[in-house]
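Asker: Submitted below is the structure of interest, expressed as structure tokens.
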Amino acid sequence: MAENDNTFEGGCTCGAIRYRVESEPLFVHCCHCHWCQRETGASFALNALIEADRVTILQGEPVMVLTPSNSGKGQKIWRCPQCCIALWSNYAGASDSVHFVRVGTLDEAYRLPPDIHIFTASKQPWVVIPQGQTAVDRYYDRKKHWPAESLERLNH
Ligand SMILES: [Zn+2]
Ligand SMILES: [Zn+2]
């Protein structure tokens, strides 16, 4: 358990890697693109965007696997060297200073529901987005959707 309400601990499946997210994330994406579907083996990916310097590795050392991405620029996926579970990614568009943390690797994943659903153009037909949730066909303009506080944080 985290000692503080605003931190989140997580890890891989084998337990070799443990990490802590030190604050509320900037924003949480639920991505329905084909790439995320393939990479998770599921129907969407849930990613919490957080400044890289707010992620503390408590145990172990993730390894980076350069992986093709939709943009063509590739994404760096950080994985446990033993069980190879993906913990977070860095995308070219957001640079290495923002980690896209896989929410499912957090002990209390339920604490981070999505702020936005993206790439709904390719969502699986049986996935029903709850009424009132922000959803976009593809990507979105950060300035339009992020809270002012998160935009401010990223500029520092
Ligand atoms: Zn592991
Ligand atoms: Zn995606």
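Asker: In the range 109-132, what count of residues is obtained for those that are in a loop (DSSP other than H, G, I, E, B) and surrounded by 13 or more Cβ atoms within 10 Å (Cβ to Cβ)?
Answerer: Within the range 109-132, the first condition is being in a loop (DSSP other than H, G, I, E, B), and the residues that meet it are 112-115, 119, 123-132.
So of that shortlist, the ones also surrounded by 13 or more Cβ atoms within 10 Å (Cβ to Cβ) come out as 112, 114-115, 119, 123, 129.
Result for the range 109-132: 6.
Asker: Here's a follow-up. Looking for whichever is within 16 Å of the chain's Cα centre (by Cα) and loosely packed, with under 15 Cβ neighbours inside 10 Å here; the options are Ser71, Ser43, Ser89. Which one fits?
Answerer: When all the criteria are applied, what remains is Ser43.
Asker: Same structure again: If I go through the range 56-68 residue by residue, how many of them are small (Gly, Ala, Ser) and under 15 Å from His99 (Cβ atoms)?
Answerer: The total comes to 0.
Asker: Let me ask another. Against the condition within 16 Å of ligand 1 (Cβ to nearest atom) and either of a type in the set (Asp, Glu) or open to solvent by less than 60 Å² (accessible area, probe 1.4 Å) (or both), how does Cys31 come out, does it pass?
Answerer: Considered against the rule, which asks whether it is within 16 Å of ligand 1 (Cβ to nearest atom) and either of a type in the set (Asp, Glu) or open to solvent by less than 60 Å² (accessible area, probe 1.4 Å) (or both), Cys31 comes out as no.
Asker: Shifting gears a bit: Scan the range 27-50 and report the pairs whose first residue is hydroxyl-bearing (Ser, Thr, Tyr) and whose second residue is modelled with pLDDT of 95 or more and within 16 Å of ligand 1 (Cβ to nearest atom), with Cβ atoms within less than 9 Å and a gap of 6+ or a chain change.
Answerer: Here the result reads Thr40/Ala86; Thr40/Arg102; Thr40/Gly104, each pair linking the range 27-50 to a residue that is modelled with pLDDT of 95 or more and within 16 Å of ligand 1 (Cβ to nearest atom).
Asker: For the range 12-28, which positions are farther than 27 Å from Lys123 by Cα, assigned to a loop (DSSP other than H, G, I, E, B) and more than 16 Å from ligand 1 (Cβ to nearest atom)?
Answerer: Those that are farther than 27 Å from Lys123 by Cα, assigned to a loop (DSSP other than H, G, I, E, B) and more than 16 Å from ligand 1 (Cβ to nearest atom): Glu22, Ser23.
Residue-wise test of (1) part of a helix (DSSP H, G or I); (2) more than 20 Å from Glu108 (Cα to Cα); (3) away from ligand 1 (no atom under 16 Å from the Cβ).
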| position | (1), (2), (3) |
| --- | --- |
| Gly10 | no, no, no |
| Cys36 | yes, yes, yes |
| Ile50 | no, no, yes |
| Leu58 | no, no, no |
| Leu66 | no, yes, yes |
| Gln82 | no, yes, no |
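Asker: For the range 135-156, what are the residues that are part of a loop (DSSP other than H, G, I, E, B) and surrounded by 14 or more Cβ atoms within 10 Å (Cβ to Cβ)? First the steps, then the outcome.
Answerer: Here is the first cut: in the range 135-156, the ones part of a loop (DSSP other than H, G, I, E, B) are 136-141, 146-147, 155-156.
Within the range 135-156, Val136, Tyr139, Tyr140, Trp146 meet the criteria.
Asker: Which ones in the range 93-104 are buried (at least 22 other Cβ atoms within 10 Å of the Cβ) and of a type outside the set (A, V, I, L, M, F, W, C)?
Answerer: His99, Arg102 - these are the residues of the range 93-104 that are buried (at least 22 other Cβ atoms within 10 Å of the Cβ) and of a type outside the set (A, V, I, L, M, F, W, C).
Asker: Also, quick follow-up: So, in the range 74-92, exactly how many residues are within 19 Å of Leu58 (Cβ to Cβ), within 16 Å of ligand 2 (Cβ to nearest atom) and among the aliphatic types (A, V, I, L, M)?
Answerer: 1
Asker: May I ask you to list the residues in the range 98-156 that are hydroxyl-bearing (Ser, Thr, Tyr) and more than 22 Å from Arg38 (Cα to Cα)?
Answerer: Correct list: Tyr110, Thr134, Ser150.
Asker: Name the pairs whose Cβ atoms lie under 6 Å apart, with the first residue in the range 112-124 and at pLDDT below 95, the second of a type in the set (S, T, N, Q), and 6 or more positions between them or separate chains?
Answerer: Qualifying pairs under 6 Å: none.
Asker: Which condition does Trp146 not pass, out of (1) touching a Phe, Trp or Tyr at 6+ places or on another chain (Cβ under 9 Å); (2) within 23 Å of Arg18 (Cβ to Cβ); (3) of a type in the set (Phe, Trp, Tyr), if it passes all the others?
Answerer: Only one criterion is unmet by Trp146, namely (2).
The values are calculated or read from the model by the stated rules, or taken from the named source; none is laboratory data. On a predicted model such as this, the values are computed, not experimentally measured, just so you know. Cβ coordinates were reconstructed from backbone atoms using ideal geometry, including for glycine residues, and neighbour counts include every protein chain displayed. The area values use the complete protein model at the heavy-atom level, side chains included, leaving out ligands, DNA and RNA. Shrake-Rupley method; radii C 1.70, N 1.55, O 1.52, S 1.80 Å.
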